Every structure is written in C-alpha cells, then in structure tokens.
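Below you'll find the structure, written out as structure tokens, and then a few comments.
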Amino acid sequence: MPNNYLLVVEGTKDEKNVLQSVFENYGFNVIKCDEKISVESYGEFYKYELKSENDNVVIIEGPRNRIHDFLMSFDTEYEAIEKLFHYSAYHFSGIFLIYDVDHNDNEDVDIMFNKFNNESDGLLLLNSPCLEVLADTNVDEKKELKFNHLKEYKKLLNEYHNLNGNENSVKYIKNHFNEIMMHFLEKNKNEFNENNIMEHPRLIKNKINLDNERVNFENRDDSYVIFRYFTTVLYVAIAYANKLTNDINNYEIVHSFFENKMNENK
C-alpha cells in the first residue's frame, strides 16, 4: 500500500514547480494543486488522484502566504485549522509546511514552530531567508544582507544566474538539486553536530531567531531585516518521504542518498 505525503507551501508558483520536479525525479506520483488549501476542506482528499502503485505527494498552497498571516488566521478559524490538520494526519504519512523566514518576527516563527513541530501532524521546514537561498552559490561567504523586501535578494540571484547561463534561480535549483541538498545537509550537520536530521528543523529555527535581526516601523515599507543566517531544511521532507529517517543516526544514510542521486545525474 502506498504512502501519501502532504506538502503545504507558501508560494503560488516557484515552490510548487521545484518540489514537483524533485519528487517526480525520485519516482513519486505528484499532485500539484492550483488552489489554496481550504480550512474547510477536510474530508475532500478523495478528489486528489492518488495512485496505488506509487507513493504520492500532494503539493498545495497554504491558507495564508506568510507565517504572520497564517497565525492571524488562527484567531478567527482556530477550530477549522486544527480540524484540518488533525484530519489530514489520517490520510498522510507525513505533513510538511515549507515556509520562508522572510520578514516574520522571532515570536511568530517560534509560535508557528510550536504549532507545527512534528511530521505526523505537520512539521515546519524553514528557508532562511527564502526558497531562493538554494540558488545562492556564494551563501557560505555571506556575513549579512539587509533587505526591505526579499524581492531584492531574488532579483540579484536571478540576474546572477542569467548572466551565468542558468536562465534563472529556479532553473538552477532544479538542475543542481541533489548537490544543493548535500551542501545544506553538511552545513547544518557541522553547525549543530546532530546526526538525526529530524532535529535539524528545530535547531535552525533557534539559530535563525538568534542571528537574524528584524527592525519594524509603522510604515511597513520602511521595515527591514538583516539576514545573517542562510540555510534550509527542505531535505528533511525528501528524506522522510524516501524512508531514510527510521534510524536515529540517519545523517550518513541521507547524505549517501543525495550523493548517489547526484552521481546518477552526471
């Protein structure tokens, strides 16, 4: 019997396209949904074309695009959201929420992780500052970057890759995904000396809140963030769906998986 996995993403396009490409390359049946997940949609999983011969991955946009806005929805739709994810746990072997750190306050990041801190009911996987960090080939040399809007960072990366023949950041990420995952897996392992990658989401959340500095003004356009920590734990969802995390000391198993996939694609 196949396993089903639910990926709730922040963006409307790039995250879905990258994840669809990645999981299809790993042999999963991928259902990329055009709509946002509705807090009233529990019980409607029958509409997804889940296959019986493959493990399935459902990719859908979250009910709100930013962590802060997602949390605000709990004020008015708390019971519906709780019911949605509680019901989802009966249909999916793993649930992952893939969100950008963006301009969200430390407190919001903490609250969001406290609500979604395990893969059975929903595990928050953060990209700092955003998904496009995967395309940042100079990420290890960066000390800090100050942005009013993340579109500035994304524009710089797209321009860099366009000049270097990669078309854009998303294209680069798709073409070098396994190599990128190995890099961040090694980076986070060295940072925390933690061989259980399922602990990495919590550890990077703490590091993000420690290193990144948010300065808020009444006029939202004047607010900015100084990013000092650049990372992702997207590899956690991939490793879990590929059943690589059953052992507590799973780092070497996961690393070998990405290394083998990278060599296959050469």
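For the chain, what is the accessible area per residue in Å² when the probe is 1.4 Å?
Numbers: 12750 Å² over 266 residues.
Computed with neighbouring chains in place, this is 48 Å² per residue.
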Task: Relative contact order, percent, the chain [alpha-carbon distance under 8 Å, six or more residues apart] - done: 19
Open item on the list: Are there any trypsin sites (Lys or Arg not before Pro) in the stretch 87-161 that are in a DSSP loop and have at most 10 other Cβ atoms within 10 Å? List them by number.
Closed with: LYS143
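What longest region of the chain stays clear of GluC sites (Glu not before Pro) that DSSP places outside H, G, I, E and B and that have at most 13 other Cβ atoms within 10 Å?
Values: sites that count: GLU40, GLU44, GLU49, GLU53, GLU144, GLU167, GLU218.
The longest such stretch corresponds to 54-143.
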Task: Using a Förster distance of 22 Å, the FRET efficiency for MET72-ASP211 (Cβ separation, nearest 0.05) - done: 0.30
Open item on the list: Can you tell me which lysines have their Cα less than 16 Å from the Cα of LYS243? Leave out same-chain residues fewer than eight positions away.
Closed with: LYS261
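Evaluate E = 1/(1 + (r/R0)^6) for ASN3 and SER38, where r is the Cβ-Cβ distance and R0 equals 22 Å; express this FRET efficiency to the nearest 0.05. Intermediate values should be presented prior to the final figure.
Values: r = 24 Å, r/R0 = 1.07.
It comes to 0.40.
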TODO: Could you work out how far apart the two model spin labels at LEU163 and LEU145 are, taking each label as a point 7 Å from the Cα in the direction of the beta carbon, and quote it in nm?
DONE: 1.4
TODO: Could you sort out which of LYS13/LYS142; LYS142/LYS266; LYS115/LYS205; LYS13/LYS171; LYS142/LYS207 sit more than 18 Å apart by Cα distance in this structure?
DONE: LYS13/LYS142; LYS142/LYS266
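For a Förster distance of 22 Å, can you work out the FRET efficiency between the beta-carbons of LYS243 and ASN265, rounded to the nearest 0.05?
Details: r = 21 Å, r/R0 = 0.96.
After rounding, the FRET efficiency stands at 0.55.
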Open item on the list: When only alpha-carbon atoms are used, what values of Rg and Dmax, in angstrom, describe the stretch 138-252?
Closed with: 16.3, 49
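Give me the percent relative contact order of the stretch 136-266, please, defined on Cα pairs under 8 angstrom at least 6 residues apart. All intermediate terms of the calculation are to be shown ahead of the outcome.
On the way: 115 pairs, mean separation 41.1, N = 131.
Relative contact order, the stretch 136-266: 31 percent.
When the gyration tensor of the stretch 125-194 is built from Cα positions, what are the square roots of 5 times its three eigenvalues, in whole Å, from largest to smallest? Please report the intermediate quantities before stating the final value.
Numbers: eigenvalues 87, 51, 20 Å².
Each semi-axis is the square root of five times an eigenvalue, giving 21, 16, 10 Å.
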TODO: Please work out how much accessible surface ARG228 shows to a 1.4 Å probe, ignoring ligands, DNA and RNA, in Å² rounded to 10.
DONE: 90
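Taking 0.36 nm per residue of sequence separation and subtracting the Cα-Cα distance, how much length would be gained by fully extending the chain between ASN54 and ARG220, in nm to one decimal? Don't skip to the end; give the middle numbers.
Details: separation 166, 0.36 × 166 = 59.76 nm, distance 4.58 nm.
Fully extending the segment from ASN54 to ARG220 adds 55.2 nm.
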Task: Convex hull of the chain built on C-alpha atoms - directionally averaged projected area, nm² - done: 14.2
- [ ] May I ask you to compute the full-extension gain from ALA89 to GLU107, defined as 0.36 nm times their residue separation minus their alpha-carbon distance, rounded to one decimal in nm?
- [x] 3.9 nm
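The values are calculated or read from the model by the stated rules, or taken from the named source; none is laboratory data. Predicted model, so just to flag it, every value in this text is computed and none were measured. Note that we place each Cβ from the backbone using ideal geometry, even for glycine, and neighbour counts take in every protein chain shown. Side chains included, ligands, DNA and RNA excluded: accessible areas come from the protein's heavy atoms. Shrake-Rupley method; radii C 1.70, N 1.55, O 1.52, S 1.80 Å.
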